[in-house]
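Here is the structure we will look at.
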Amino acid sequence: KAGVITSTAAGATAGRKVEFPDKALVEFDLDWSTTGRNSGYFSMNVNLFTDNLKSPSNGSAYVLKISQTGANLARQSKENGGFMSDRLGPNARVNLTGIGSRARFSLRTNKKSRSFFLSINGVQVANWKDKDAFVGKGDGLLFTSRAPYPLKVSNIRISQWDGSKPVGATDTTSSPKQDTIRLVNDDTVTGTITRIGDGKVKIKS
């Protein structure tokens, strides 16, 4: 509704077929605000390159699992008639309890190198690499709520990624209410974007 996917219960799913470039940047905003509380709790799975939009646990895909305190990526593949999930590396520890109830998630994926980089509010928090063959068998993107609290997903965008690695850092507490532009020399400009057009961005800093 109005460009926002909303869930109010655990197990709610929403997905569709999309076009994933070989080097893709998958982005979305997540709002987990709860009425009467400054910050609620959230837990959500995002299946990428899935060949099954009807079931998050049955399909060949990569599964991004995120919450307020951590993130991990798993490969999900069919074995012995069923689907098995294997985590790629350790769980990434994050702390989103002090930034309110909204954040921008960005996942960069490279099919050829089977590498993945997760950023929150423009800051890289984790990177994973699959040592085995690329497991995604489809072109589906699927969101699944894993907690009985309200969730809102919006501003979903899938675009071509140039392959450059995001800037690594440990601070994810920058305010998502401000716009930030990161230049090619890694300088940043923060403020309010007033116009985008004709290949130019205007920002009031």
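Keeping to region 9-60, report how many residues are under 20 Å from Thr97 (Cα atoms) and in contact with a Ser or Thr (Cβ under 9 Å, 6 or more places away or on another chain). Steps first, please.
Restricting attention to region 9-60, the residues satisfying the condition of being under 20 Å from Thr97 (Cα atoms) are 28-45.
From what's left, in contact with a Ser or Thr (Cβ under 9 Å, 6 or more places away or on another chain): 28-34, 37-45.
So the count comes out to 16.
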For this session: Give me a count of the residues in region 117-169 that are part of a strand (DSSP E or B), within 15 Å of Gly15 (Cβ to Cβ) and more than 13 Å from the chain's Cα centre (by Cα).
Result: 3
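Of everything in region 189-205, what is polar (S, T, N, Q) and exposed (fewer than 13 other Cβ atoms within 10 Å of the Cβ)? Give them in sequence order.
Keep residues of region 189-205 that are polar (S, T, N, Q), which gives 190, 192, 194, 205.
The answer is Thr192, Thr194, Ser205.
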Exercise. Only one of these conditions is not met by Phe28: (1) closer than 16 Å to Lys137 by Cβ; (2) in contact (Cβ under 8 Å) with a residue 60 or more places away in the chain; (3) within 16 Å of the chain's Cα centre (by Cα). Which number is it?
Worked result: (1)
For this session: Among the residues of region 93-116, count how many are outside any loop (DSSP other than H, G, I, E, B), of a type outside the set (A, V, I, L, M, F, W, C) and in contact (Cβ under 8 Å) with a residue 24 or more places away in the chain.
Result: 7
For this session: Collect the residues in region 38-62 that are more than 23 Å from Gln124 (Cα to Cα) and part of a strand (DSSP E or B), keeping them in residue-number order.
Result: Thr50
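Any chance you could count how many residues in region 7-37 are among the polar types (S, T, N, Q), surrounded by fewer than 18 Cβ atoms within 10 Å (Cβ to Cβ) and assigned to a strand (DSSP E or B)? Break it down into steps so the answer makes sense when it comes.
So in region 7-37, the residues among the polar types (S, T, N, Q) come out as 7-8, 13, 33-35.
Those left that are additionally surrounded by fewer than 18 Cβ atoms within 10 Å (Cβ to Cβ): 8, 13, 33-35.
When the remaining residues are screened for being assigned to a strand (DSSP E or B), the result is 13, 34.
Residues meeting the conditions: 2.
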Exercise. Any chance region 82-92 includes a residue that's open to solvent by less than 40 Å² (accessible area, probe 1.4 Å), without any contact (Cβ under 8 Å) to a residue 60 or more places away in the chain and in contact with a Leu (Cβ under 6 Å, 6 or more places away or on another chain)?
Worked result: yes
Exercise. Identify, please: which residue in region 95-109 is surrounded by fewer than 18 Cβ atoms within 10 Å (Cβ to Cβ) and not small (Gly, Ala, Ser) and is, among those, nearest to the chain's Cα centre (by Cα)?
Worked result: Arg104
Problem set entry | Residue that is farthest from Gly15 (Cα to Cα) [pool: residues in region 63-81 that are open to solvent by 30 Å² or more (accessible area, probe 1.4 Å) and in a strand (DSSP E or B)] | Glu79
Exercise. For region 160-168, does any single residue satisfy the condition of being at pLDDT below 95, hydrophobic (A, V, I, L, M, F, W, C), surrounded by 14 or more Cβ atoms within 10 Å (Cβ to Cβ) and over 16 Å from Leu25 (Cβ atoms)?
Worked result: no
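The values are calculated or read from the model by the stated rules, or taken from the named source; none is laboratory data. Predicted, not measured: the structure shown is a model, and the values here were computed from it. Note: ideal-geometry Cβ built from the backbone for every residue, glycine included; neighbour counts use all protein chains shown. Just the protein is used for accessible areas: all its heavy atoms, side chains included, with ligands, DNA and RNA removed. Shrake-Rupley method; radii C 1.70, N 1.55, O 1.52, S 1.80 Å.
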